[in-house]
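Worksheet for the structure shown next.
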Amino acid sequence: MCARVVQRFGAMAIIVAAVSLHWPSEAFAVRPFVTDDARIVYKGQFEVESFAGVSMADGSRPVVEARSIQGLALTDRFELIAGGFGFTYQGGQARPLDMLVQPKYVIHRSFGMIPSISVAAASLFPLSGNTQHWDSYTMAHVSWFLFTPENSTDPYDNDLAIHVNLGTKNRYDAGSATYQMKFYWAAGFEVITFSRELRFLAETFNGDPFGFEEKFPAYQTGFRWYRTPTMQVDLVFRGIRNTTEDVRFVAGGGGLPEEWNYTIQVGFRFLIDVFR
């Protein structure tokens, strides 16, 4: 029975990951791992992270969401993320979602009990035609990369990684010319399972920084499979309370304020060496 379940989830992961590779993708506030880590890819590496999922709320139709984000490490400490092109699809209608631009800088790199620290700032550019709301965020990341095997050639091949994010979510309303700011936090971890290639993930956060209206409580949990050092696949389950009209709209328009909406998604990430 367990073997059949694993096979079915594995098949679903392959199918959805393949779809996400052929569709330029973006999900408004859905990602395999919302809590960011205090590291970047190695200098000269180009990364592509694509993910797709289905969101469900009581009393509404399911919403299919997809996103693809690209990034390049220009130095050992500086990375530029851009893209985020994508859509939501519900009831025969597709809607484009915001484009993201995020520079990220590693202030301090460390392993063990002394944490690594990085900072990032991002702007979201609306592509749906609604240019009234312009969202952004600023964030600091603190990460502990613990228990690296002595024979490992990769310093980030850790048995346990813990991440904490602190920052703000911001919104400029062009219609009323007003500016809002909210405190943001997130905390999560990644730990090995019976195999070093298969990791368990869990996190909690007060809404995704991609979604200004999202609030606490929100959580994600799932598994990450490191197929190779340059390729990984995520299978994640997410829950968030329907706290506002905007969140219910993103989740498909259904549900009462005290109800939850849920998302199951698959992410696919790979790295390419462009220069060193």
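Since every read-out is calculated from the coordinates, none of them should be taken as a lab result. Just so it is clear, the model here is predicted, and its values are computed rather than measured. All Cβ positions, even for glycine, are placed from backbone atoms using ideal geometry, and neighbour counts span all protein chains on display.
For the range 189-197, 3J(HN,Hα) computed residue by residue from phi via the Karplus equation (6.51, -1.76, 1.60; θ = phi - 60°) reads 8, 9, 9, 5, 10, 5, 10, 5, 6 Hz, glycine and proline entered as x. Over what distance in Å are the Cα centres of the range 38-107 and the range 135-150 separated? Taking the Cα centre of the range 135-150 as reference, the centre of the range 38-107 is 18 Å away.
The convex hull drawn around the Cα atoms of the range 109-168, when projected onto a plane and averaged over every direction, covers 5.7 nm². In this simple spin-label model, placing a label point 7 Å from the Cα along the Cα-to-Cβ direction at both Ile272 and Gln93 gives a separation of 3.6 nm. Peptides 145-158, 89-102, 43-56 ranked from most to least packed by the mean count of surrounding Cβ atoms within 10 Å: 43-56, 89-102, 145-158. Computed from point charges on the beta carbon alone (+1 for Lys and Arg, -1 for Asp and Glu), the dipole magnitude for the range 171-248 about its Cα centre is near 240 Debye. Computed from the Cβ-Cβ distance with R0 of 25 Å, the FRET efficiency linking Glu259 to Asp173 stands at 0.40.
For the range 216-227, 3J(HN,Hα) computed residue by residue from phi via the Karplus equation (6.51, -1.76, 1.60; θ = phi - 60°) reads 6, x, 8, 8, 9, 8, x, 10, 10, 10, 7, 5 Hz, glycine and proline entered as x. Between the beta carbons of Phe78 and Arg227, assuming R0 = 25 Å, the FRET efficiency works out to 0.35 to the nearest 0.05. Within the same chain, lysines fewer than 8 places from Lys104 are excluded, and of the rest, those with a Cα less than 19 Å from its Cα are Lys43, Lys169. Each of Ala174, Asn151, Ile192 was placed along the dipole of the range 113-194 (beta-carbon charges, centred on the mean Cα), and the one lying farthest toward the positive end is Ala174. Close amide H pairs (under 5 Å, H built 1.01 Å from N) link Thr148 with Asp159, residues at least 5 positions away or on another chain.
Here the 3J(HN,Hα) profile of the range 40-46, calculated from phi with Karplus coefficients 6.51, -1.76 and 1.60 at θ = phi - 60°, is 10, 5, 5, 3, x, 8, 9 Hz, Gly and Pro shown as x. Each Lys and Arg Cβ is given +1 and each Asp and Glu Cβ -1; about its Cα centre, the range 132-194 then shows a dipole of about 500 debye.
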